[in-house]
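Each remark here refers to the structure printed beneath this line.
Only the coordinates and a few stated rules stand behind these numbers; no lab work does. Just so we're clear, the structure is a prediction, and the values are computed from it rather than from any experiment. All Cβ positions, even for glycine, are placed from backbone atoms using ideal geometry, and neighbour counts span all protein chains on display.
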Amino acid sequence: MGTFHHGKGDLHGITVVVDLNDTRVFVGRCDTVLPEGVVLLDADMHDEAATDAKSKADYLGQARKFGVWKKYDRVLVPTADVASVRPLADLD
């Protein structure tokens with residue numbers, strides 16, 4: 001049997017995509033979903049508006065295939081900025 005972390009939520013320990021209401025997207029291991037935001041561990045952030053940046057779709061396709069290089073050990077993504085949260089493995 002696995003380890004249970006009561007109160008952490010269904011996505012705890014799963015690599016997720018946190019799509020924001022702008023040109024940014026986070027990929028990281030979900031720790032907790034709180035009223036104030038989503039706590040990610042070992043996360044990367046991609047901004048398709050950056051010069052010469054890939055589209056979100058291209059970045060996520062590469063992340064699904066190869067993983068990501070973390071930029072943040074731990075980050076809280078504010079709820080007001082979050083458009084969606086889903087497992088990376090669920091992407092087509």
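Relative to the dominant Cα principal axis of the chain, helix 56-66 is inclined by about 60°.
What share of Cα pairs, in percent, lie more than 20 angstrom apart in the stretch 15-87?
Within the stretch 15-87, distances greater than 20 Å cover 21 percent of Cα pairs.
Each of Lys71 and Thr23 was given a label point 7 Å from its Cα along the Cα-to-Cβ line. The distance between the two points is 1.3 nm.
Dividing the summed helix terms, -39500 (n - 2.57) for each DSSP H run of n ≥ 4, by the number of residues in the chain produces a 222 nm estimate of -3500 deg cm²/dmol to the nearest 500.
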